[in-house]
1. So which residues in the stretch 34-62 are surrounded by fewer than 20 Cβ atoms within 10 Å (Cβ to Cβ), at negative phi and within 13 Å of the chain's Cα centre (by Cα), if there are any at all?
2. Given (1) without any contact (Cβ under 8 Å) to a residue 40 or more places away in the chain; (2) surrounded by 13 or more Cβ atoms within 10 Å (Cβ to Cβ); (3) in a loop (DSSP other than H, G, I, E, B), identify the lone condition not met by residue 72.
3. In the set 16, 77, which member is surrounded by 14 or more Cβ atoms within 10 Å (Cβ to Cβ), part of a helix (DSSP H, G or I), in the same structural domain as residue 107 (by TED's automatic domain parsing) and in contact with a helix residue (DSSP H, G or I) (Cβ under 6 Å, 6 or more places away or on another chain)?
4. If a residue must be touching a residue at least 12 places away in the same chain (Cβ under 8 Å), assigned to a helix (DSSP H, G or I) and surrounded by fewer than 20 Cβ atoms within 10 Å (Cβ to Cβ), how many such residues does the stretch 104-118 contain?
5. Within the stretch 80-95, work out how many residues are within 21 Å of residue 26 (Cβ to Cβ) and part of a helix (DSSP H, G or I).
6. Out of 52, 98, report the one residue that is in a helix (DSSP H, G or I) and under 30 Å from residue 12 (Cβ atoms).
């Protein structure tokens, strides 16, 4: 016999999920995993993953990687760090995973984005550049066509 969560329980879960999302936003460069996030929210990892996806449309790990890629995009546009330095600065431990996820979300590899991204935002205030260049989630980036 399964019980449905009460309205109060659902609101408490949503508040916990919001705190998890806020923690990811704040600590994206730290080593975070679903188990640690779940412990901090007093939930099981499975429950956190299911409820986070239900509330935000993606897994906690996917959300974390999107935050890391957003920050990497900013650092690449700035241009004073290498791709490898940026990978580790944003909290990724594998250059291959970073490059693959970056390409999935942005549509081009980090090295290409470095060359093209800075030109695309010349003259834009940083707050506007961040909105315009926000990565696409769930592998929806269109494939880049180089001629």
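The values are calculated or read from the model by the stated rules, or taken from the named source; none is laboratory data. Everything numeric in this text was worked out from a predicted model, so none of it was measured. Virtual Cβ from ideal backbone geometry, glycine too; neighbours counted across all protein chains shown.
1. 56, 58, 59, 61, 62
2. Residue 72 satisfies all of (1) without any contact (Cβ under 8 Å) to a residue 40 or more places away in the chain; (2) surrounded by 13 or more Cβ atoms within 10 Å (Cβ to Cβ); (3) in a loop (DSSP other than H, G, I, E, B) except (3).
3. On inspection, the qualifying residue turns out to be 77.
4. 4
5. 4
6. 52
Residues are listed down the side, and each one gets a yes or a no for (1) at pLDDT 75 or above; (2) in contact with a strand residue (DSSP E or B) (Cβ under 9 Å, 6 or more places away or on another chain); (3) under 19 Å from residue 81 (Cα atoms):
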residue	(1), (2), (3)
92	yes, no, yes
95	yes, no, yes
111	yes, no, yes
119	no, no, yes
128	yes, no, no
131	no, no, no
134	no, no, no
138	no, no, no
